[in-house]
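For reference, the structure is listed below as structure tokens.
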Amino acid sequence: MNETASLRARAEIDLDALRANVRVLRARTGGAQLMAVVKSDAYGHGAVPCARAALEAGATWLGTATPHEALALRAAGLGGRVMCWLWTPGGPWREAIEADIDVSVSGMWALREVVAAATEAGVPARVQLKADTGLGRNGCQPADWPELVAAARAAEEAGTLRITGLWSHFACADEPGHPSIRAQLTAFREMVAYAEKEGVRPEVRHMANSPATLTLPEAHFDLVRTGIAMYGVSPAPELGTPADFGLRPVMRLVASVALVKRVPAGHGISYGHHYTTGAETTLGLVPVGYADGIPRHASGRGPVLVGGAVRRVAGRVAMDQFVVDLGGDVVEVGSEAVLFGAGDRGEPTAEDWARAADTIAYEIVTRIGTRVPRVHLHTTP
């Protein structure tokens with residue numbers, strides 16, 4: 001048995017699929033640059049290998065949420081443009097500036113801190129101003145935009161920063177036709193126009209996330225930010241599967257069956273006995289649970305390919321394990337239990353698990369825990 005097969009569980013990451021997805025997405029941008037978003041450890045896929053593969057496939061920017069994620073990319077030797085956008089007071093501004101990372105600013109407190117850090121470092125900061133065009137999370141409100149733009153321009157004139165980008169984020173891009181989309185696009189264009197009237201000359205203006213990249217070409221501007229689509233998960237399942245968009249899922253989650261045993265009719269399974277065998281049957285033990293990121297909400301519903309057939313989780317998902325009812329089928333200990341993958345070999349997909357857990361596929365892949373090793377396939381193009 002080889003080393004990979006002997007693992008209790010593994011998440012196989014197909015970097016060739018990721019490269020292909022990046023190329024497909026680039027072909028849809030109409031010439032705009034592509035930012036590969038690798039926040040949250042590349043949505044659970046492994047930030048550094050995925051970032052490298054995305055750059056190999058033509059991505060020109062990397063994006064992270066936190067500055068520590070961005071700094072980790074630099075520490076791994078990744079060059080090029082890197083942006084991070086989720087800051088809190090006292091964050092590592094100076095380290096990010098010295099690492100040539102674009103930092104996002106949404107309000108005056110952040111601008112003051114980045115100016116102070118740039119002054120201390122003696123290096124101009126690369127700053128992107130974020131506009132709140134209607135999402136209501138991070139970003140500067142239109143009423144506060146003139147003050148932020150004026151202060152940023154003053155700092156730019158003083159040589160402490162360079163305004164490299166103007167950007168925003170959609171609330172409902174995965175719902176084509178939603179009235180907020182047009183309203184946000186209008187607000188963004190107006191806020192960009194104001195900033196440019198005041199002398200801002202950004203390198204990039206950007207607003208499109210994965211669903212907007214796929215369905216809203218008028219939102220592409222100079223740069224698109226692709227996150228979940230890059231990993232081959234549909235950002236809008238009601239509009240199409242990954243295959244419909246020309247994408248292939250990158251992660252395949254597999255475990256080794258740890259035990260197979262016969263039990264009589266009427267045998268309770270797992271905590272609370274929410275499942276009881278209807279007849280004498282065979283059970284298979286799959287050694288992953290909610291500590292590994294398997295959603296407990298999918299108890300009794302989560303699909304698994306075992307022994308050539310898709311089974312359902314029997315009873316509760318526990319912290320480290322769950323059970324499937326094999327219905328009398330003969331399955332060897334050590335056989336693969338495929339929780340999800342591309343779906344073209346009969347296995348469930350992350351979207352199937354999302355439906356079983358009443359959530360979205362983003363959460364399914366991102367929540368897979370650190371004790372499930374990532375096995376990166378095709379590390380060289």
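GluC sites (Glu not before Pro), restricted to the stretch 252-341: which are DSSP loop and have at most 12 other Cβ atoms within 10 Å? Passing sites in the stretch 252-341 are GLU280, GLU332.
Applying Stokes-Einstein at 10 °C and 1.306 mPa s to the Kirkwood radius of the stretch 60-136, computed over alpha-carbon pairs, gives a translational diffusion coefficient of 127 µm² s⁻¹. The calculated 222 nm mean residue ellipticity attributable to helices in the chain amounts to -8500 deg cm²/dmol, summing -39500 (n - 2.57) over DSSP H runs of n ≥ 4 and dividing by all residues. The alpha carbons of the stretch 118-172 give a radius of gyration and a Dmax of 12.6, 41 Å, in that order. Comparing GLY134, GLY334, GLY272 in a Gaussian network model of the chain (Cα springs below 10 Å), the most mobile by mean-square fluctuation is GLY272. Shown are TYR194, TYR271, TYR43, TYR231, whose ranking by accessible area with a 1.4 Å probe and every protein chain present, most to least, is TYR271, TYR194, TYR43, TYR231. Convex hull volume of the Cα atoms of the stretch 151-253, normalised per residue: 122 Å³. Sorted from greatest to least, the principal axis extents spanned by the alpha carbons of the stretch 149-191 come out as 44, 16, 10 Å.
Which value in Å is the Kirkwood Rh of the stretch 278-338 over different Cα pairs? That comes to 11.5 Å for the stretch 278-338.
Value of Rg to Rh for the chain, rounded to two decimals, is 1.05; Kirkwood radius and Rg both from alpha-carbon coordinates.
Mean separation of Cα pairs under 8 Å and 6 or more residues apart, divided by the residue count, gives the stretch 183-238 a relative contact order of 27 percent. In this structure the amide hydrogen of ILE294, modeled in the peptide plane, comes within under 5 Å of the amide hydrogens of GLY289, none closer than 5 places in sequence on its chain. Note on ALA171/GLU280: beta-carbon distance plugged into 1/(1 + (r/R0)^6) with R0 of 51 Å gives a FRET efficiency of 0.45. Per-residue 3J(HN,Hα) values for the stretch 164-172, derived from phi via the Karplus relation 6.51 cos²θ - 1.76 cosθ + 1.60 with θ = phi - 60°, read 9, x, 10, 8, 7, 9, 7, 8, 9 Hz in sequence order (x marks Gly and Pro).
Taking 7 Å steps out from each Cα toward its Cβ at ALA27 and LEU377 produces label points 2.2 nm apart.
For VAL333 and ASP100, a Förster radius of 45 Å and the Cβ-Cβ distance give a FRET efficiency of 0.30, rounded to the nearest 0.05. Once the chain from ALA291 to ASP144 is taken as fully extended at 0.36 nm per residue, the excess over their C-alpha distance is 48.6 nm.
When only alpha carbons are used to place a centre, the stretch 299-316 and the stretch 196-246 end up 35 Å from one another. Counted by Cβ distance under 14 Å from ALA72, the other residues give a net charge of 0, where Lys and Arg count +1 and Asp and Glu count -1. Nonpolar atom fraction for the chain, defined as the carbon and sulfur part of the 1.4 Å probe accessible area, stands at 52 percent. Less than 26 Å apart at the alpha-carbon level, and either on another chain or at least 8 residues along: which lysines does that give for LYS130? By straight Cα distance, LYS130 reaches LYS39, LYS197. Based on C-alpha pairs under 8 angstrom that are at least 6 apart in sequence, the chain has a relative contact order of 18 percent.
Counting each pair of different Cα atoms once, what's the Kirkwood radius of the stretch 112-210 in Å, rounded to one decimal? Before the final figure, lay out the partial values.
On the way: mean 1/r = 0.0709 Å⁻¹.
With all distinct Cα pairs of the stretch 112-210 included, I get 14.1 Å.
Based on every Cα atom in the stretch 35-93, Rg and the maximum pairwise Cα distance Dmax equal 10.8, 36 Å. Just to be sure I follow the definition: excluding the sites themselves, where is the longest run in the chain that has none of the trypsin sites (Lys or Arg not before Pro) in a DSSP loop with at most 10 other Cβ atoms within 10 Å? With trypsin sites (Lys or Arg not before Pro) excluded where exposed in loops, the chain gives 138-344 as its longest stretch. To the nearest 10 degrees, how steep is helix 145-158 against the longest Cα principal axis of the chain, on a 0 to 90 scale? Computed tilt is about 70 degrees. Can you give the local net charge around MET35? Use residues other than it whose beta-carbon is closer than 9 angstrom to its beta-carbon, Lys and Arg +1, Asp and Glu -1. Net charge in that neighbourhood comes out at +2. For the chain, a simple Cβ point-charge model (Lys and Arg +1, Asp and Glu -1, everything else neutral) yields a dipole of about 280 debye relative to the Cα centre. Entry comment: accessible area of the chain is 41 Å² per residue, from protein heavy atoms only and a probe of 1.4 Å.
The values are calculated or read from the model by the stated rules, or taken from the named source; none is laboratory data. Computed from a predicted structure; not experimentally measured. FYI the Cβ positions are ideal-geometry reconstructions off the backbone, even for glycines, and counts take in every protein chain you see. Protein only, heavy atoms only, side chains kept; ligands, DNA and RNA dropped before computing areas. Shrake-Rupley method; radii C 1.70, N 1.55, O 1.52, S 1.80 Å.
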